[in-house]
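One structure below.
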Amino acid sequence: MRRPTILTIAAVALSIAMSGQTLSITTNGGGTVGMEIGDNKSITELTIAGEVNAVDFDYIANELGELTKLDLSQVKVVATSGTKTSSGNSEFQADELPAYALFGSNISTIVLPEGITKIGEAALGNTRLTEISIPASVTTIGNYAFTKCEGLKEITIPATVVEIGAGMIKDCTTLTKLNIAAPITVVPDDMANGCAALSEVTLPPTVTSIGNGSFANCGALRAIGFPATLLEIGDKAFYNSGVTSVELGNSGALASVGDFAFAECKQLESVAMGSSGTTLGKGIFFGDTSLQQVQLPPTTTVIPAFTFKGTSAIDATTALPSSTREIGDYALYGWEQAEEFRFPDDIGYIGSGAMEGWTALKKIEAENLATVPTLGEQVWAGINQGEVYLYVTSEKYEEFKEAEQWRDFKVTIGSTDATEIIDDATGANGNVDFIIGDGYLKVKTQGEEITEIRIYDLNGRSRYSAAEIDATTAIVGTAQWRGSTLIVDVTLANGSHATIKLSI
(Lines give C-alpha, C1' and ligand atoms only; values in the text may rest on other atoms or scores of the structure.)
Protein backbone atom coordinates (compact mmCIF):
# COMPACT_ATOMS: atom_id res chain seq x y z
CA MET A 1 0.00 0.00 0.00
CA ARG A 2 3.00 2.33 0.37
CA ARG A 3 4.14 2.08 -3.28
CA PRO A 4 1.28 4.16 -4.81
CA THR A 5 1.95 6.88 -2.23
CA ILE A 6 5.65 7.08 -3.22
CA LEU A 7 4.76 7.37 -6.91
CA THR A 8 2.31 10.17 -6.20
CA ILE A 9 4.93 12.16 -4.30
CA ALA A 10 7.48 11.70 -7.12
CA ALA A 11 4.98 12.98 -9.67
CA VAL A 12 4.26 16.04 -7.59
CA ALA A 13 8.01 16.74 -7.22
CA LEU A 14 8.56 16.44 -10.97
CA SER A 15 5.66 18.82 -11.68
CA ILE A 16 7.28 21.39 -9.43
CA ALA A 17 10.72 21.02 -11.04
CA MET A 18 9.42 20.93 -14.59
CA SER A 19 6.63 23.11 -15.89
CA GLY A 20 5.85 22.43 -19.54
CA GLN A 21 9.26 22.74 -21.29
CA THR A 22 11.04 24.42 -18.35
CA LEU A 23 13.33 22.46 -16.05
CA SER A 24 15.38 23.35 -12.95
CA ILE A 25 17.97 20.92 -11.61
CA THR A 26 20.62 20.74 -8.93
CA THR A 27 23.64 18.66 -9.81
CA ASN A 28 25.41 16.15 -7.63
CA GLY A 29 28.89 17.20 -8.82
CA GLY A 30 30.43 17.80 -12.24
CA GLY A 31 29.42 15.51 -15.08
CA THR A 32 25.93 14.69 -13.70
CA VAL A 33 23.70 17.05 -15.72
CA GLY A 34 22.70 14.27 -18.12
CA MET A 35 21.62 12.00 -15.25
CA GLU A 36 19.55 14.78 -13.67
CA ILE A 37 17.76 15.58 -16.92
CA GLY A 38 17.09 11.99 -17.86
CA ASP A 39 14.62 11.69 -20.71
CA ASN A 40 13.57 15.36 -20.66
CA LYS A 41 15.62 16.28 -23.72
CA SER A 42 12.87 18.37 -25.34
CA ILE A 43 13.13 21.14 -22.75
CA THR A 44 13.47 24.72 -24.02
CA GLU A 45 14.49 26.40 -20.75
CA LEU A 46 16.97 25.08 -18.19
CA THR A 47 18.21 26.40 -14.85
CA ILE A 48 21.14 24.65 -13.22
CA ALA A 49 22.52 24.92 -9.67
CA GLY A 50 25.61 23.20 -8.33
CA GLU A 51 28.82 22.04 -9.92
CA VAL A 52 29.24 21.47 -13.67
CA ASN A 53 32.20 20.68 -15.91
CA ALA A 54 33.08 20.45 -19.60
CA VAL A 55 31.27 17.10 -19.93
CA ASP A 56 28.03 18.77 -18.87
CA PHE A 57 28.38 21.55 -21.43
CA ASP A 58 29.10 18.95 -24.10
CA TYR A 59 25.89 17.16 -23.16
CA ILE A 60 23.83 20.37 -23.27
CA ALA A 61 25.19 21.39 -26.67
CA ASN A 62 24.74 18.01 -28.32
CA GLU A 63 21.71 16.45 -26.61
CA LEU A 64 19.37 19.35 -25.83
CA GLY A 65 18.59 20.47 -29.37
CA GLU A 66 15.47 22.47 -28.43
CA LEU A 67 17.05 24.37 -25.54
CA THR A 68 16.94 28.17 -26.07
CA LYS A 69 17.36 29.57 -22.54
CA LEU A 70 20.05 28.57 -20.08
CA ASP A 71 20.50 30.03 -16.58
CA LEU A 72 23.90 29.27 -15.05
CA SER A 73 23.82 31.98 -12.38
CA GLN A 74 23.96 29.36 -9.55
CA VAL A 75 26.66 27.25 -11.17
CA LYS A 76 30.27 26.58 -10.16
CA VAL A 77 32.44 25.40 -13.09
CA VAL A 78 34.91 22.77 -11.92
CA ALA A 79 37.94 21.24 -13.60
CA THR A 80 37.87 17.91 -15.40
CA SER A 81 40.53 15.73 -16.95
CA GLY A 82 40.73 12.61 -19.07
CA THR A 83 37.30 12.67 -20.76
CA LYS A 84 37.48 13.92 -24.33
CA THR A 85 34.56 16.08 -25.43
CA SER A 86 33.35 16.65 -28.99
CA SER A 87 35.75 19.62 -29.14
CA GLY A 88 38.63 17.13 -29.10
CA ASN A 89 39.93 18.43 -25.76
CA SER A 90 40.24 16.43 -22.56
CA GLU A 91 41.79 18.91 -20.12
CA PHE A 92 39.65 21.73 -18.71
CA GLN A 93 40.38 24.23 -15.95
CA ALA A 94 38.06 25.35 -13.18
CA ASP A 95 36.20 28.69 -13.44
CA GLU A 96 36.31 28.67 -17.25
CA LEU A 97 33.48 28.39 -19.72
CA PRO A 98 35.16 25.57 -21.67
CA ALA A 99 36.38 25.88 -25.23
CA TYR A 100 33.53 25.09 -27.68
CA ALA A 101 31.25 24.62 -24.64
CA LEU A 102 27.99 25.49 -26.41
CA PHE A 103 29.24 25.99 -29.96
CA GLY A 104 26.51 25.52 -32.57
CA SER A 105 23.67 25.18 -30.07
CA ASN A 106 20.27 26.86 -30.38
CA ILE A 107 20.64 28.87 -27.17
CA SER A 108 19.44 32.45 -27.57
CA THR A 109 19.56 33.55 -23.93
CA ILE A 110 22.20 32.66 -21.36
CA VAL A 111 23.06 33.85 -17.86
CA LEU A 112 26.71 33.15 -17.13
CA PRO A 113 27.90 32.29 -13.64
CA GLU A 114 29.59 34.93 -11.52
CA GLY A 115 33.08 33.78 -10.70
CA ILE A 116 34.20 32.49 -14.08
CA THR A 117 37.46 34.07 -15.18
CA LYS A 118 37.60 32.95 -18.80
CA ILE A 119 35.26 32.43 -21.72
CA GLY A 120 37.02 29.78 -23.78
CA GLU A 121 37.70 29.55 -27.49
CA ALA A 122 34.47 29.54 -29.53
CA ALA A 123 32.58 28.75 -26.32
CA LEU A 124 29.42 30.55 -27.46
CA GLY A 125 30.21 30.65 -31.16
CA ASN A 126 27.58 29.97 -33.81
CA THR A 127 24.74 30.13 -31.29
CA ARG A 128 21.51 32.11 -31.53
CA LEU A 129 22.41 34.55 -28.78
CA THR A 130 20.56 37.87 -29.00
CA GLU A 131 22.26 39.44 -25.98
CA ILE A 132 25.08 38.69 -23.58
CA SER A 133 26.18 40.04 -20.22
CA ILE A 134 29.79 39.21 -19.40
CA PRO A 135 30.39 38.82 -15.64
CA ALA A 136 32.82 41.24 -14.01
CA SER A 137 34.93 38.29 -12.88
CA VAL A 138 36.00 37.52 -16.49
CA THR A 139 39.59 38.50 -17.34
CA THR A 140 40.10 36.56 -20.59
CA ILE A 141 37.92 36.02 -23.65
CA GLY A 142 39.23 33.36 -26.02
CA ASN A 143 39.53 33.26 -29.79
CA TYR A 144 36.21 33.31 -31.68
CA ALA A 145 34.28 33.26 -28.40
CA PHE A 146 31.14 34.76 -29.97
CA THR A 147 31.83 34.20 -33.67
CA LYS A 148 28.83 33.85 -35.98
CA CYS A 149 26.30 34.83 -33.33
CA GLU A 150 24.12 36.29 -36.04
CA GLY A 151 21.35 37.44 -33.67
CA LEU A 152 23.64 39.37 -31.31
CA LYS A 153 22.94 43.13 -31.48
CA GLU A 154 25.51 44.65 -29.14
CA ILE A 155 28.25 43.68 -26.73
CA THR A 156 30.23 45.36 -23.97
CA ILE A 157 33.59 44.04 -22.83
CA PRO A 158 33.92 44.93 -19.13
CA ALA A 159 36.87 46.73 -17.59
CA THR A 160 38.04 43.56 -15.80
CA VAL A 161 39.03 41.90 -19.10
CA VAL A 162 42.74 42.14 -19.93
CA GLU A 163 42.87 39.93 -23.02
CA ILE A 164 40.51 39.22 -25.90
CA GLY A 165 41.14 36.67 -28.60
CA ALA A 166 41.22 36.75 -32.39
CA GLY A 167 37.89 36.75 -34.20
CA MET A 168 35.99 37.36 -30.96
CA ILE A 169 32.83 38.61 -32.69
CA LYS A 170 33.76 37.67 -36.28
CA ASP A 171 30.76 37.38 -38.63
CA CYS A 172 28.21 38.61 -36.09
CA THR A 173 26.29 40.07 -39.00
CA THR A 174 23.58 41.97 -37.08
CA LEU A 175 25.82 43.39 -34.34
CA THR A 176 25.54 47.19 -34.34
CA LYS A 177 27.45 48.28 -31.22
CA LEU A 178 30.79 47.27 -29.70
CA ASN A 179 31.97 48.90 -26.50
CA ILE A 180 35.37 47.85 -25.20
CA ALA A 181 35.74 49.18 -21.67
CA ALA A 182 38.63 46.78 -21.04
CA PRO A 183 42.12 48.36 -20.83
CA ILE A 184 43.49 46.19 -23.62
CA THR A 185 46.53 47.19 -25.67
CA VAL A 186 45.87 44.94 -28.68
CA VAL A 187 42.73 44.76 -30.79
CA PRO A 188 43.24 41.20 -32.08
CA ASP A 189 43.24 39.92 -35.63
CA ASP A 190 39.82 39.57 -37.28
CA MET A 191 38.09 40.64 -34.09
CA ALA A 192 35.02 42.13 -35.84
CA ASN A 193 35.70 40.95 -39.39
CA GLY A 194 32.43 40.50 -41.25
CA CYS A 195 30.26 42.44 -38.77
CA ALA A 196 28.38 44.08 -41.63
CA ALA A 197 25.95 46.07 -39.45
CA LEU A 198 28.52 47.35 -36.94
CA SER A 199 28.19 51.13 -36.83
CA GLU A 200 29.41 52.13 -33.37
CA VAL A 201 32.80 51.18 -31.92
CA THR A 202 34.37 52.47 -28.72
CA LEU A 203 38.05 51.65 -28.21
CA PRO A 204 39.85 52.23 -24.92
CA PRO A 205 42.62 54.86 -24.74
CA THR A 206 45.14 52.08 -23.99
CA VAL A 207 45.16 50.51 -27.48
CA THR A 208 48.55 50.45 -29.20
CA SER A 209 47.81 47.93 -31.97
CA ILE A 210 44.87 47.22 -34.26
CA GLY A 211 45.34 43.73 -35.68
CA ASN A 212 45.09 42.26 -39.15
CA GLY A 213 41.54 42.34 -40.49
CA SER A 214 40.14 43.61 -37.17
CA PHE A 215 37.35 45.66 -38.78
CA ALA A 216 37.46 44.30 -42.31
CA ASN A 217 34.12 43.99 -44.12
CA CYS A 218 32.34 46.19 -41.57
CA GLY A 219 30.26 47.95 -44.20
CA ALA A 220 28.17 50.08 -41.82
CA LEU A 221 31.16 51.45 -39.90
CA ARG A 222 31.48 55.12 -40.89
CA ALA A 223 33.90 56.44 -38.28
CA ILE A 224 36.17 55.25 -35.50
CA GLY A 225 38.16 57.16 -32.91
CA PHE A 226 41.85 56.27 -33.04
CA PRO A 227 43.58 56.56 -29.64
CA ALA A 228 46.65 58.71 -29.15
CA THR A 229 48.53 55.61 -27.96
CA LEU A 230 48.19 53.84 -31.31
CA LEU A 231 51.48 52.47 -32.71
CA GLU A 232 50.40 50.17 -35.54
CA ILE A 233 47.50 49.27 -37.79
CA GLY A 234 47.63 45.76 -39.25
CA ASP A 235 47.17 44.36 -42.74
CA LYS A 236 43.63 44.79 -44.07
CA ALA A 237 42.55 46.19 -40.70
CA PHE A 238 39.69 48.19 -42.28
CA TYR A 239 39.55 46.45 -45.67
CA ASN A 240 36.18 46.90 -47.40
CA SER A 241 34.75 48.82 -44.44
CA GLY A 242 32.41 51.80 -44.67
CA VAL A 243 34.67 54.44 -43.10
CA THR A 244 34.25 57.87 -44.68
CA SER A 245 37.25 59.59 -43.09
CA VAL A 246 40.40 58.56 -41.29
CA GLU A 247 41.85 60.98 -38.77
CA LEU A 248 45.19 59.83 -37.38
CA GLY A 249 46.67 63.21 -36.57
CA ASN A 250 46.16 62.55 -32.86
CA SER A 251 48.15 59.30 -33.08
CA GLY A 252 51.52 61.01 -33.13
CA ALA A 253 53.54 57.85 -32.45
CA LEU A 254 51.99 55.74 -35.22
CA ALA A 255 54.85 53.63 -36.56
CA SER A 256 53.25 51.52 -39.28
CA VAL A 257 50.13 50.99 -41.37
CA GLY A 258 49.88 47.51 -42.87
CA ASP A 259 49.27 46.26 -46.39
CA PHE A 260 45.83 47.15 -47.81
CA ALA A 261 44.81 48.53 -44.39
CA PHE A 262 42.12 50.82 -45.84
CA ALA A 263 41.76 49.23 -49.28
CA GLU A 264 38.40 48.90 -51.03
CA CYS A 265 36.80 51.43 -48.67
CA LYS A 266 34.39 52.81 -51.27
CA GLN A 267 33.02 55.54 -48.97
CA LEU A 268 36.40 56.88 -47.80
CA GLU A 269 36.82 60.53 -48.85
CA SER A 270 39.64 61.95 -46.73
CA VAL A 271 42.69 60.79 -44.80
CA ALA A 272 44.88 62.82 -42.45
CA MET A 273 47.93 61.25 -40.84
CA GLY A 274 50.28 62.63 -38.22
CA SER A 275 53.80 63.95 -38.53
CA SER A 276 55.55 60.79 -37.36
CA GLY A 277 57.79 58.65 -39.55
CA THR A 278 55.08 56.11 -40.29
CA THR A 279 55.99 53.15 -42.50
CA LEU A 280 53.27 52.56 -45.07
CA GLY A 281 52.31 49.13 -46.39
CA LYS A 282 51.46 48.44 -49.99
CA GLY A 283 47.99 49.15 -51.35
CA ILE A 284 46.71 50.91 -48.24
CA PHE A 285 44.17 52.95 -50.28
CA PHE A 286 43.75 50.50 -53.15
CA GLY A 287 40.36 50.81 -54.86
CA ASP A 288 39.09 53.71 -52.71
CA THR A 289 37.05 55.27 -55.49
CA SER A 290 35.70 58.20 -53.42
CA LEU A 291 39.04 59.27 -51.96
CA GLN A 292 39.78 62.91 -52.72
CA GLN A 293 42.09 64.33 -50.06
CA VAL A 294 45.11 62.60 -48.51
CA GLN A 295 47.65 63.99 -46.09
CA LEU A 296 50.46 61.49 -45.65
CA PRO A 297 53.17 62.06 -43.03
CA PRO A 298 55.49 64.81 -44.28
CA THR A 299 58.49 62.53 -43.73
CA THR A 300 57.21 59.88 -46.17
CA THR A 301 59.93 58.88 -48.64
CA VAL A 302 58.37 55.81 -50.30
CA ILE A 303 54.91 55.47 -51.83
CA PRO A 304 54.60 51.66 -51.85
CA ALA A 305 53.22 49.55 -54.67
CA PHE A 306 49.47 49.85 -55.33
CA THR A 307 49.06 52.58 -52.68
CA PHE A 308 46.58 54.69 -54.68
CA LYS A 309 45.66 52.28 -57.48
CA GLY A 310 42.07 52.92 -58.48
CA THR A 311 41.63 56.16 -56.50
CA SER A 312 40.40 58.06 -59.53
CA ALA A 313 38.90 61.00 -57.59
CA ILE A 314 42.06 61.98 -55.71
CA ASP A 315 43.66 65.43 -55.86
CA ALA A 316 46.94 64.64 -57.62
CA THR A 317 48.46 68.01 -56.74
CA THR A 318 48.46 67.36 -52.97
CA ALA A 319 48.62 63.59 -52.52
CA LEU A 320 52.39 63.11 -52.43
CA PRO A 321 54.58 64.68 -49.72
CA SER A 322 57.52 66.77 -50.91
CA SER A 323 59.86 64.28 -49.23
CA THR A 324 58.88 61.45 -51.62
CA ARG A 325 61.85 59.74 -53.24
CA GLU A 326 60.31 56.59 -54.66
CA ILE A 327 56.95 55.74 -56.25
CA GLY A 328 56.27 52.00 -56.26
CA ASP A 329 54.79 49.77 -58.96
CA TYR A 330 51.25 50.83 -59.96
CA ALA A 331 51.18 53.17 -56.94
CA LEU A 332 49.32 55.97 -58.78
CA TYR A 333 47.64 53.81 -61.39
CA GLY A 334 44.43 55.14 -62.89
CA TRP A 335 44.49 58.83 -61.92
CA GLU A 336 42.54 59.52 -65.07
CA GLN A 337 41.34 62.95 -63.94
CA ALA A 338 44.82 64.44 -63.37
CA GLU A 339 45.67 67.14 -65.92
CA GLU A 340 48.98 68.21 -64.44
CA PHE A 341 51.53 66.89 -62.00
CA ARG A 342 54.63 68.15 -60.21
CA PHE A 343 57.28 65.62 -59.22
CA PRO A 344 58.69 65.96 -55.70
CA ASP A 345 62.20 67.42 -55.81
CA ASP A 346 64.06 64.29 -54.70
CA ILE A 347 62.19 61.64 -56.68
CA GLY A 348 64.68 59.04 -57.87
CA TYR A 349 62.61 56.04 -58.93
CA ILE A 350 59.19 55.51 -60.48
CA GLY A 351 57.97 51.92 -60.63
CA SER A 352 56.34 49.89 -63.39
CA GLY A 353 52.90 51.17 -64.39
CA ALA A 354 53.08 53.70 -61.58
CA MET A 355 51.27 56.39 -63.59
CA GLU A 356 49.42 54.21 -66.05
CA GLY A 357 46.08 55.44 -67.32
CA TRP A 358 46.51 59.20 -66.71
CA THR A 359 44.46 59.90 -69.81
CA ALA A 360 43.73 63.59 -69.02
CA LEU A 361 47.38 64.51 -68.44
CA LYS A 362 48.54 67.66 -70.22
CA LYS A 363 51.74 68.76 -68.51
CA ILE A 364 54.36 67.57 -66.03
CA GLU A 365 56.64 69.84 -64.04
CA ALA A 366 60.07 68.23 -63.68
CA GLU A 367 62.40 71.26 -63.80
CA ASN A 368 62.89 70.96 -60.04
CA LEU A 369 64.54 67.54 -60.40
CA ALA A 370 68.28 67.29 -59.86
CA THR A 371 68.51 63.96 -61.70
CA VAL A 372 66.48 62.07 -64.28
CA PRO A 373 64.54 59.46 -62.27
CA THR A 374 65.03 55.77 -63.02
CA LEU A 375 61.92 54.11 -64.40
CA GLY A 376 60.30 50.71 -64.25
CA GLU A 377 58.45 49.24 -67.21
CA GLN A 378 55.55 50.99 -68.97
CA VAL A 379 55.37 53.74 -66.37
CA TRP A 380 52.94 55.84 -68.46
CA ALA A 381 51.08 53.08 -70.33
CA GLY A 382 47.86 54.34 -71.89
CA ILE A 383 48.99 57.98 -72.00
CA ASN A 384 49.48 59.78 -75.31
CA GLN A 385 52.88 61.12 -74.25
CA GLY A 386 53.40 62.98 -77.51
CA GLU A 387 50.63 65.35 -76.46
CA VAL A 388 51.98 65.97 -72.94
CA TYR A 389 54.46 68.74 -72.12
CA LEU A 390 57.33 67.81 -69.82
CA TYR A 391 59.05 70.91 -68.42
CA VAL A 392 62.73 70.51 -67.52
CA THR A 393 65.82 72.66 -66.96
CA SER A 394 68.19 73.49 -69.80
CA GLU A 395 70.89 71.51 -67.98
CA LYS A 396 68.78 68.33 -67.98
CA TYR A 397 67.07 68.84 -71.32
CA GLU A 398 69.33 66.54 -73.34
CA GLU A 399 69.23 63.83 -70.66
CA PHE A 400 65.44 63.77 -70.70
CA LYS A 401 65.39 63.84 -74.49
CA GLU A 402 67.62 60.76 -74.62
CA ALA A 403 66.15 58.75 -71.72
CA GLU A 404 63.83 55.84 -72.42
CA GLN A 405 60.13 56.69 -71.87
CA TRP A 406 60.95 60.31 -70.90
CA ARG A 407 61.82 61.26 -74.48
CA ASP A 408 58.32 60.31 -75.60
CA PHE A 409 56.93 63.47 -73.98
CA LYS A 410 57.09 66.99 -75.44
CA VAL A 411 60.26 67.79 -73.53
CA THR A 412 60.40 71.55 -73.03
CA ILE A 413 62.79 73.86 -71.20
CA GLY A 414 60.80 76.14 -68.96
CA SER A 415 58.39 76.21 -66.09
CA THR A 416 54.74 75.38 -65.79
CA ASP A 417 54.50 78.47 -63.58
CA ALA A 418 55.78 80.73 -66.41
CA THR A 419 54.46 78.98 -69.50
CA GLU A 420 50.91 78.39 -70.63
CA ILE A 421 50.18 76.22 -73.67
CA ILE A 422 47.50 77.88 -75.78
CA ASP A 423 47.66 75.76 -78.94
CA ASP A 424 49.83 72.64 -79.35
CA ALA A 425 49.70 72.35 -83.15
CA THR A 426 47.35 69.40 -83.19
CA GLY A 427 47.61 67.68 -86.54
CA ALA A 428 51.20 68.75 -87.18
CA ASN A 429 53.72 66.22 -88.43
CA GLY A 430 55.72 66.01 -85.24
CA ASN A 431 55.74 67.92 -81.96
CA VAL A 432 56.85 71.50 -81.37
CA ASP A 433 59.29 72.12 -78.53
CA PHE A 434 59.82 75.54 -76.99
CA ILE A 435 63.25 75.57 -75.36
CA ILE A 436 63.71 78.59 -73.12
CA GLY A 437 67.35 79.43 -72.43
CA ASP A 438 69.24 82.36 -70.96
CA GLY A 439 68.52 85.16 -73.44
CA TYR A 440 67.06 83.01 -76.20
CA LEU A 441 64.04 81.00 -77.29
CA LYS A 442 64.61 77.92 -79.43
CA VAL A 443 61.68 76.55 -81.44
CA LYS A 444 62.13 73.02 -82.73
CA THR A 445 59.84 70.59 -84.53
CA GLN A 446 60.21 66.89 -85.17
CA GLY A 447 59.27 66.92 -88.85
CA GLU A 448 57.07 69.73 -90.14
CA GLU A 449 58.93 72.92 -91.15
CA ILE A 450 58.40 76.25 -89.42
CA THR A 451 57.16 78.91 -91.83
CA GLU A 452 56.57 81.85 -89.48
CA ILE A 453 57.14 83.02 -85.89
CA ARG A 454 55.29 85.99 -84.39
CA ILE A 455 55.70 87.38 -80.85
CA TYR A 456 53.20 89.73 -79.18
CA ASP A 457 52.90 91.39 -75.79
CA LEU A 458 49.75 90.97 -73.69
CA ASN A 459 48.25 94.10 -75.28
CA GLY A 460 48.47 92.52 -78.72
CA ARG A 461 51.36 94.71 -79.96
CA SER A 462 53.83 93.00 -82.26
CA ARG A 463 57.30 92.56 -80.78
CA TYR A 464 58.82 90.19 -83.35
CA SER A 465 57.97 88.70 -86.72
CA ALA A 466 59.89 86.32 -88.99
CA ALA A 467 58.45 84.72 -92.14
CA GLU A 468 59.62 82.16 -94.69
CA ILE A 469 61.85 80.39 -92.20
CA ASP A 470 61.36 76.99 -93.88
CA ALA A 471 63.35 75.06 -91.26
CA THR A 472 62.61 72.68 -88.40
CA THR A 473 64.62 74.81 -85.93
CA ALA A 474 64.62 78.56 -85.25
CA ILE A 475 66.26 80.67 -82.53
CA VAL A 476 65.01 84.07 -81.35
CA GLY A 477 66.99 86.32 -79.00
CA THR A 478 64.92 87.32 -75.93
CA ALA A 479 67.37 89.34 -73.77
CA GLN A 480 65.63 92.61 -74.67
CA TRP A 481 62.34 91.35 -73.21
CA ARG A 482 63.54 90.21 -69.79
CA GLY A 483 60.79 90.52 -67.21
CA SER A 484 58.06 90.50 -69.85
CA THR A 485 55.22 88.07 -70.50
CA LEU A 486 54.75 87.36 -74.20
CA ILE A 487 52.65 85.34 -76.62
CA VAL A 488 54.66 83.26 -79.11
CA ASP A 489 52.79 81.95 -82.17
CA VAL A 490 54.45 79.47 -84.52
CA THR A 491 52.97 78.59 -87.91
CA LEU A 492 53.94 75.28 -89.50
CA ALA A 493 54.05 74.39 -93.18
CA ASN A 494 50.81 72.42 -92.94
CA GLY A 495 48.99 75.49 -91.62
CA SER A 496 48.71 74.38 -87.98
CA HIS A 497 49.79 76.60 -85.08
CA ALA A 498 51.67 76.09 -81.82
CA THR A 499 51.07 78.98 -79.44
CA ILE A 500 52.34 79.59 -75.89
CA LYS A 501 52.29 82.34 -73.29
CA LEU A 502 55.62 82.60 -71.48
CA SER A 503 57.48 84.80 -69.05
CA ILE A 504 60.96 85.77 -70.10
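Assorted remarks:
- Antiparallel bridge percentage (DSSP; both residues within the chain; nearest 5): 40
- Cβ-derived FRET efficiency at R0 41 Å, ALA403 paired with GLU468, nearest 0.05: 0.70
- Longest DSSP-loop-exposure-free segment, trypsin sites (Lys or Arg not before Pro), the chain, at most 10 other Cβ within 10 Å: 1-460
- Cα lying deepest toward the dipole's positive end in the range 283-400, options ALA319, LEU375, GLY386, charges on Cβ: ALA319
- Cβ-derived FRET efficiency at R0 51 Å, THR289 paired with SER484, nearest 0.05: 0.65
- Listed residue pairs exceeding 30 Å between alpha carbons, taken from LYS84/LYS153; LYS266/LYS362; LYS236/LYS396; LYS236/LYS363; LYS118/LYS266; LYS266/LYS401: LYS84/LYS153; LYS236/LYS396; LYS236/LYS363; LYS118/LYS266; LYS266/LYS401
- Estimated translational D of the range 39-110 in µm²/s (Stokes, Kirkwood radius over Cα pairs; 37 °C; 0.692 mPa s): 265
- Under the Karplus curve 6.51 cos²θ - 1.76 cosθ + 1.60, θ = phi - 60°, whole-Hz ³J(HN,Hα) for the range 239-252, x wherever Gly or Pro sits: 4, 6, 8, x, 4, 9, 8, 10, 10, 10, x, 7, 8, x
- Average accessible area per residue (Å²) across the chain - probe 1.4 Å, nucleic acids and ligands excluded: 43
- The phi torsions of the range 438-445, fed into the Karplus equation with coefficients 6.51, -1.76 and 1.60 and a -60° offset, translate into couplings of 7, x, 8, 10, 10, 10, 9, 10 Hz, rounded to whole numbers, with Gly and Pro shown as x.
- Kirkwood Rh, angstrom, the range 74-176 [1 / mean 1/r, Cα pairs]: 13.6
- Accessible surface of GLU264, taken over heavy atoms with a 1.4 Å probe and every protein chain present, rounds to 40 Å².
- Taking 22 Å as the limit for the C-alpha separation, the pairs LYS177/LYS309; LYS148/LYS282; LYS444/LYS501 exceed it in the case of LYS177/LYS309; LYS148/LYS282.
- Of the GluC sites (Glu not before Pro) found in the range 340-382, those that fall in a DSSP loop while having at most 16 other beta-carbon atoms within 10 Å are GLU377.
- Potential extension, GLU269-SER323 segment - 0.36 nm per residue separation minus Cα distance: 17.1 nm
- Equivalent ellipsoid dimensions for the range 59-100 as semi-axes, Å, which come from the Cα gyration tensor, largest first: 19, 15, 7
- For the range 237-264 versus the range 384-409, the inter-centroid distance based on Cα atoms is 37 Å.
- Apportionment of accessible area to carbon and sulfur, the chain, percent (1.4 Å): 46
- Helix 2-17 and the longest principal axis of the Cα set of the chain meet at an angle near 20°.
- Backbone geometry of the range 120-127 corresponds, through the Karplus equation with coefficients 6.51, -1.76 and 1.60 at θ = phi - 60°, to 3J(HN,Hα) couplings of x, 4, 6, 4, 10, x, 6, 9 Hz, x marking Gly and Pro.
- Gyration tensor verdict on the range 291-423 (Cα atoms; rounded if a/c is under 1.5, prolate if a/b is larger than b/c, oblate otherwise): rounded
- 14 Å tail of the calculated P(r), the range 205-283, as % of Cα pairs: 58
- Volume per residue of the convex hull around the Cα atoms, evaluated for the chain, comes out as 163 Å³.
- For the range 68-127, alpha-carbon Rg over 2.2 N^0.38 Å: 1.08
- Mean-position separation - Cα centroids, the range 127-198 and the range 318-375, in angstrom: 44
- At most 14 other Cβ within 10 Å, DSSP loop - GluC sites (Glu not before Pro), the range 25-128: GLU66, GLU114
- For the range 138-266, the alpha carbon positions stretch 34, 32, 20 Å along the principal axes, listed from largest to smallest.
- Value at 222 nm in deg cm²/dmol, rounded to 500, when DSSP H runs of n ≥ 4 in the chain each add -39,500 (n - 2.57): -2000 deg cm²/dmol
The values are calculated or read from the model by the stated rules, or taken from the named source; none is laboratory data. Everything numeric here is computed off the predicted structure, so don't read it as measured data. Reconstructed Cβ throughout: ideal geometry from the backbone, glycine too, with neighbour counts over all protein chains shown. What goes into the accessible areas is simple: the full protein's heavy atoms, side chains included, and nothing from ligands, DNA or RNA. Shrake-Rupley method; radii C 1.70, N 1.55, O 1.52, S 1.80 Å.
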